[in-house]
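Heads up: the structure comes next, in structure tokens.
The values are calculated or read from the model by the stated rules, or taken from the named source; none is laboratory data. This one's a predicted model, so the numbers in the text were calculated from it and none came from an experiment. Here Cβ is always computed from backbone atoms with ideal geometry, including for glycine, and neighbour counts include all displayed protein chains. Remember, those area values only see protein heavy atoms, side chains included, never the ligands or the DNA or RNA. Shrake-Rupley method; radii C 1.70, N 1.55, O 1.52, S 1.80 Å.
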Amino acid sequence: MGLSPRLYNSDLAPTTREGRHWSAYSIFALWANDVHSLGNYVWAIGLFSLGMSGGAILGSLAFGALFLFLLLTLSGFMGEKTGVPFPVMSRISFGIYGAQIPALLRGGVAIAWFGIQTYLASQVLQVVIIALLPGAAAWQQGSFLGLSGLGWLTFLVLWVLQSIIVSYGMEMIRKYEAFAGPVILATFVALAVWVLVQADFQISWTNDSPLQGADLWLHMLGGASAWVAIYGTFVLNFCDFTRGARSKKSIVKGNFWGIPINMLFFGTVVVVLAGGSFTINGVAIASPADVVAAIPNTLLLVLASLALIVLTIAVNLMANFVAPTYALTNLFPRHLNFRKAALLSAVIGLVILPWNMYNSPVVIGIFLNGLGALLGPLFGIIMVDYWLIKKQRINVPELYSEHVTGEYYYARGFNPRAVIALAISGTIALLLTFVPAFQVVSQFSWFLAAGLGAIAYGILADRRGPFADVEGTDIAVTPTH
């Protein structure tokens with residue numbers, strides 16, 4: 001039926017087998033970076049402050065890790081089989097044009113967080129500059145569009161650096177993640193040892209008001225659910241990375257070491273940092289950045305701060321840069337390739353003035369949480385359609401066909417059943433997120449929303465078939481960057 005230029009270009013095309021270079025270590029390195037993000041540490045250390053013991057925190061993370069290992073492995077297998085990025089994968093469920101809905105929802109959330117994470121990293125860079133050049137503190141005076149002169153300098157330096165890395169494509173991102181992973185793991189081991197030494201190797205396993213009984217178990221399960229929800233964005237577009245995986249075995253092995261094993265290591269570091277700091281001064285830290293700020297040696301402080309910047313860039317590239325880049329490429333495939341779309345994503349991430357978004361509770365609470373609430377239903381719909389309705393039988397060439405008899409043309413390029421399922425489950429997900437009466441189940445909102453999306457689509461889906469299973473070998477492309 002022919003490939004449509006409105007649906008196909010070399011970056012949206014399936015990846016050839018010989019062009020797949022993501023090994024088990026490559027996938028592990030993704031998690032070595034992302035799991036240890038500063039935001040995750042702030043959240044997990046907060047569990048200690050809520051009264052959860054060190055053992056309860058480890059148990060909560062273990063529960064969450066098992067769920068994530070299953071969900072991310074199933075999601076990853078989809079990319080390995082088809083070799084296509086998330087916007088193209090979405091065409092299976094939502095239709096060749098309807099796929100813009102999940103792609104832009106995922107990309108919209110990511111592009112806002114890209115700017116915010118760059119801003120947070122720029123604040124760490126300001127600490128480094130002032131430590132080396134104390135006179136630079138004067139540049140923090142005054143403000144233009146919400147940032148000081150030093151703030152603009154540090155933000156733009158990191159913005160340009162990330163734009164350069166991502167402009168070289170997924171292969172450069174793979175190499176950066178492989179480099180950053182060991183740096184991050186070594187840094188957090190060093191920080192944990194530093195705290196242990198300062199605490200004379202005495203760790204407080206609870207704070208002064210520990211949770212007990214049913215409250216403890218509720219917080220453990222709620223923490224596990226929230227841990228999964230943190231990755232609710234990434235489970236959607238994991239195929240953006242696993243389309244380059246060498247095999248399913250690479251995905252399983254990389255996920256095993258990167259999720260349950262790495263997350264328990266993460267939990268151990270959390271317990272040491274929170275419990276150790278509580279032993280030292282009776283107060284749990286809020287973030288590993290607090291430990292870094294307390295380092296009395298300027299050289300060590302600078303090195304640790306630079307490592308945190310390396311970490312933030314690694315997290316930003318994988319979690320917040322790739323998704324909008326593919327979303328924009330999918331939106332304008334005749335005009336944008338990966339490099340052009342990446343630069344456009346970066347520009348959007350700058351012009352939205354993300355520091356103002358971050359400092360606005362309304363924007364964070366309504367805009368980003370609202371969009372995030374819709375990602376659970378999307379996951380449920382896409383997974384049920386792929387695994388239970390079509391049972392992995394995917395006609396890859398048809399994903400790029402606009403012919404009215406095409407398998408994924410549905411009704412004018414949209415699958416109305418998927419759109420209706422999203423409308424129903426998405427509405428309920430928004431109610432769970434914003435209506436105070438549902439606050440009691442808010443920690444479990446991602447699972448509830450994903451389950452609602454899966455159930456709604458499972459009821460509405462057209463099971464008649466037949467569903468052809470055709471590989472995309474003839475139209476596959478070996479990545480050139």
From 473, 405, which residue is under 17 Å from residue 98 (Cα atoms), surrounded by fewer than 22 Cβ atoms within 10 Å (Cβ to Cβ), modelled with pLDDT under 95 and not charged (D, E, K, R)?
405
Can you spot a residue in the range 430-445 that is in a helix (DSSP H, G or I), over 28 Å from the mean Cα position of the chain (by Cα) and without any contact (Cβ under 8 Å) to a residue 60 or more places away in the chain?
yes
Tabulated pairs, the range 369-388, first among the hydroxyl-bearing types (Ser, Thr, Tyr), second modelled with pLDDT of 95 or more and crowded, with 21+ Cβ neighbours inside 10 Å, C-beta under 9 angstrom, 6+ apart or interchain
386/78; 386/89; 386/92; 386/93; 386/394
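Taking residue 329, is it in contact with a strand residue (DSSP E or B) (Cβ under 8 Å, 6 or more places away or on another chain) and open to solvent by less than 10 Å² (accessible area, probe 1.4 Å)?
Against the criterion (in contact with a strand residue (DSSP E or B) (Cβ under 8 Å, 6 or more places away or on another chain) and open to solvent by less than 10 Å² (accessible area, probe 1.4 Å)), residue 329 does not qualify.
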Being open to solvent by less than 10 Å² (accessible area, probe 1.4 Å) and of a type in the set (Ser, Thr, Tyr) is the filter here; which residues of the range 101-146 pass it?
118, 122
Sort through 396, 440, 384 and tell me the only one that's among the β-branched types (Val, Ile, Thr) and open to solvent by 50 Å² or more (accessible area, probe 1.4 Å).
440
Go over the candidates 289, 342, 323, 319 one by one and state the one that is at pLDDT below 95, in a helix (DSSP H, G or I) and farther than 29 Å from residue 442 by Cα.
342
Some residue of the range 161-179 being modelled with pLDDT of 90 or more, closer than 28 Å to residue 8 by Cα and of a type in the set (Ser, Thr, Tyr):
yes
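For the range 193-203, what are the residues that are surrounded by fewer than 20 Cβ atoms within 10 Å (Cβ to Cβ) and assigned to a helix (DSSP H, G or I)?
Within the range 193-203, the first condition is being surrounded by fewer than 20 Cβ atoms within 10 Å (Cβ to Cβ), and the residues that meet it are 193-194, 196-203.
If the condition is that a residue be surrounded by fewer than 20 Cβ atoms within 10 Å (Cβ to Cβ) and assigned to a helix (DSSP H, G or I), then 193, 194, 196, 197, 198 are the ones that fit.
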The range 15-68: number of residues that are among the hydroxyl-bearing types (Ser, Thr, Tyr), under 16 Å from residue 284 (Cβ atoms) and open to solvent by 10 Å² or more (accessible area, probe 1.4 Å):
2
